[in-house]
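Peer 1: Take this structure first; my questions come after.
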Amino acid sequence: MGGIAIVCGSGSQNLAHRVAKQLDIQPTETRSRVFPDGELDIGVDPGVRNADVFVIDSLGPPVNDHLVELVMLADACRRTGAARLTAIVPYLAYARKDRRTSAGEAVGLAVVADLLGACVDGAVLVDPHVPQMDSIFGVPLEVVSAVPDIAASLAPHVDDDTVVIAPDLGAVALAERYAEKLELSAVTVVRKTRHSGSHVEATGLIGKNGHRRPLLVDDMISTGRTLAVAMEILQEHWSSESFLLAATHGLFVDGALERLTQYPLDGMVVTDSLPAPDLPPGSEVVEIAPLLAGAIRRIHGDGQA
Ligand code: R5P
């Protein structure tokens with residue numbers, strides 16, 4: 001097999017360039033145009049022939065466009081003779097739809113996993129929403145986590161009075177991980193009910209750590225409603241006066257930033273798995289290029305995805 005080639009999708013242009021820089025290579029040239037009916041026409045430089053190709057594309061909004069682009073980039077590389085093809089998907093869309101919650105529904109995650117599995121030899125995911133991705137994807141996966149780097153960025157802002165808040169039951173394991181990394185003992189859980197994508201309700205708190213400094217952690221911020229209702233209930237029950245927020249993936253859709261900045265924030269930490277907007281003072285965007293470059297080196301080095 002030849003050397004490493006990095007192919008950048010439009011969902012990760014800047015990030016993919018940073019990854020290529022970490023590896024001391026130039027990204028492969030691509031060309032893309034959209035026909036008047038919306039169809040994509042995509043091509044890659046013939047230099048990918050015999051290369052160990054890594055296509056980097058986050059599936060942020062518009063998620064379906066990025067998904068089609070990713071599989072078309074993979075197809076272009078395959079047809080051009082890539083020796084091996086790995087999709088690096090810093091943010092995996094549809095990961096929250098991992099099961100049917102009512103009869104008659106499609107399972108979006110299974111569809112995406114099947115689609116990607118048909119196009120690539122392996123994939124790299126960053127803090128995916130569900131941990132059991134190996135049993136869903138039919139190709140070898142490398143799952144990397146930004147939690148240690150996010151925790152390092154939070155460390156100067158936490159003290160013994162900080163309590164880690166899981167904004168729903170699904171985030172408890174994540175909250176425990178942050179607590180361990182930050183050497184904090186207290187974790188509290190918000191009872192959350194999601195009625196729809198735009199209607200989230202917090203009905204109570206599990207854990208008695210009142211009046212301490214809340215650090216709310218989640219895998220992703222989409223509309224910000226989960227964290228907003230969590231802060232609301234913390235203000236109501238604990239009279240909390242300021243909050244720290246942390247999540248790997250910041251989608252910030254549907255007025256999320258405006259929604260979150262209505263609360264007194266000490267800061268917010270997200271990664272650049274998706275292009276980050278301007279965040280409030282005290283915030284930080286943690287770069288995941290070193291994490292992805294490390295995964296690429298491991299995969300290229302040991303010959304397995
Ligand atoms: C849900 O299970 C996820 O972990 C997040 O809590 C949720 O998807 C965030 O979405 P939003 O920001 O729209 O509440």
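Peer 1: Specify which of the listed residues (Val7, Val63, Val34, Val53) is of a type in the set (A, V, I, L, M), touching a strand residue (DSSP E or B) at 6+ places or on another chain (Cβ under 9 Å) and farther than 19 Å from Ala295 by Cα.
Peer 2: So the residue among Val7, Val63, Val34, Val53 that is of a type in the set (A, V, I, L, M), touching a strand residue (DSSP E or B) at 6+ places or on another chain (Cβ under 9 Å) and farther than 19 Å from Ala295 by Cα is Val34.
Peer 1: Name the single residue that is least open to solvent (accessible area, probe 1.4 Å) among those in the range 1-37 being basic (Lys, Arg) and in a helix (DSSP H, G or I). Can you show your working first?
Peer 2: Let us first name the residues in the range 1-37 that are basic (Lys, Arg), namely 18, 21, 31, 33.
Remaining after also requiring in a helix (DSSP H, G or I): 18, 21.
Working: Arg18: 81, Lys21: 161 Å².
Among those that are basic (Lys, Arg) and in a helix (DSSP H, G or I), it is Arg18.
Peer 1: Find the residue count for the range 122-140, including only residues that are more than 16 Å from the ligand (Cβ to nearest atom) and either within 15 Å of the chain's Cα centre (by Cα) or open to solvent by 70 Å² or more (accessible area, probe 1.4 Å) (or both).
Peer 2: Matching residues across the range 122-140 total 5.
Peer 1: When the residues of the range 187-233 are narrowed to those that are open to solvent by less than 60 Å² (accessible area, probe 1.4 Å) and part of a helix (DSSP H, G or I), which ends up farthest from Asp160 (Cα to Cα)?
Peer 2: Filtering the range 187-233 for residues that are open to solvent by less than 60 Å² (accessible area, probe 1.4 Å) and part of a helix (DSSP H, G or I), the one farthest from Asp160 (Cα to Cα) comes out as Arg225.
Peer 1: Sort out which residues of the range 257-274 are touching a Pro at 6+ places or on another chain (Cβ under 9 Å) and either assigned to a strand (DSSP E or B) or of a type in the set (A, V, I, L, M) (or both), and write them in order of number.
Peer 2: Residues of the range 257-274 touching a Pro at 6+ places or on another chain (Cβ under 9 Å): 257, 260-261, 265, 267-268, 271-274.
Once the filter is applied, which keeps residues that are touching a Pro at 6+ places or on another chain (Cβ under 9 Å) and either assigned to a strand (DSSP E or B) or of a type in the set (A, V, I, L, M) (or both), the range 257-274 yields Leu257, Leu260, Leu265, Gly267, Met268, Thr271, Leu274.
Peer 1: Identify, please: which residue in the range 154-186 is part of a loop (DSSP other than H, G, I, E, B) and acidic (Asp, Glu) and is, among those, farthest from Ile233 (Cα to Cα)?
Peer 2: First pass over the range 154-186, keeping only residues part of a loop (DSSP other than H, G, I, E, B): 158-161, 167-168, 182-186.
Now narrow it down to the ones that are acidic (Asp, Glu): 159-161, 168, 183.
Numbers: Asp159: 22, Asp160: 22, Asp161: 19, Asp168: 12, Glu183: 25 Å.
Selected residue: Glu183.
The values are calculated or read from the model by the stated rules, or taken from the named source; none is laboratory data. Quick caveat, the model's predicted, so the values are computed rather than measured. In this analysis, Cβ positions are derived from the backbone assuming ideal geometry, glycine residues included, and neighbour counts consider all displayed protein chains. To get the accessible areas, we keep the full protein, side chains included, count just its heavy atoms, and leave off ligands, DNA and RNA. Shrake-Rupley method; radii C 1.70, N 1.55, O 1.52, S 1.80 Å.
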